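Structure first, commentary second.
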Amino acid sequence: MTEAEMTHTEQAPPGGLTVFSTVSDDIRVLTVHGEIDHQTGETLHNALAATTPPEPRVVADMHDVAFMDSTGINILIAPHRELTEAGGWLRLAAPTPPVLRTIKLVGIDALIACHETLDQALTAGTPCAASSGR
């Protein structure tokens, strides 16, 4: 089983946020659990800030994020720019319906690639917008 295929059973505390970091084929995968808001956003910010070359490619696996407000959007923008400048990228994987709604409402999916599954994000497969009729 590859690291990308690993599943995490840990859960964030109510209203909290946890981020697990693994590497798959030189791509850092940040598996995010919980809620991203003003009180918890620093956890995601720190995980993204810890990602630097030689691993300038990052996927944020959002399959277990129950809520994200504008704080989460703002946290994603700076690392996206920094990683792009370093010749890499930031992609979002498997956002839950409430998170995808926020992503699309703000239009961040036009800036940061968003994919339906982790595997698609790792291989640049079908973007979220393609299948949701945006």
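The values are calculated or read from the model by the stated rules, or taken from the named source; none is laboratory data. Predicted model, so just to flag it, every value in this text is computed and none were measured. Note that we place each Cβ from the backbone using ideal geometry, even for glycine, and neighbour counts take in every protein chain shown. Only protein heavy atoms, including side chains, enter the accessible area calculation; ligands, DNA and RNA are left aside. Shrake-Rupley method; radii C 1.70, N 1.55, O 1.52, S 1.80 Å.
In table form, for the structure just shown:
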{"read-out": "Pairs where the first residue, in segment 66-92, is under 11 Å from ILE112 (Cβ atoms) and without any contact (Cβ under 8 Å) to a residue 40 or more places away in the chain and the second is of a type in the set (Phe, Trp, Tyr) and open to solvent by 40 Å² or more (accessible area, probe 1.4 Å), C-beta under 6 Å, 6+ apart", "value": "LEU83/TRP89"}
{"read-out": "Odd one out for THR7 among (1) open to solvent by less than 50 Å² (accessible area, probe 1.4 Å); (2) at pLDDT below 95", "value": "(1)"}
{"read-out": "Restricting segment 43-68 to residues that are of a type in the set (Asp, Glu) and at pLDDT 95 or above, the residue that is surrounded by the most Cβ atoms within 10 Å (Cβ to Cβ)", "value": "ASP61"}
{"read-out": "Output for segment 83-121, where each listed residue is on the phi > 0 side of the Ramachandran plot and either within 11 Å of the chain's Cα centre (by Cα) or β-branched (Val, Ile, Thr) (or both)", "value": "ALA94"}
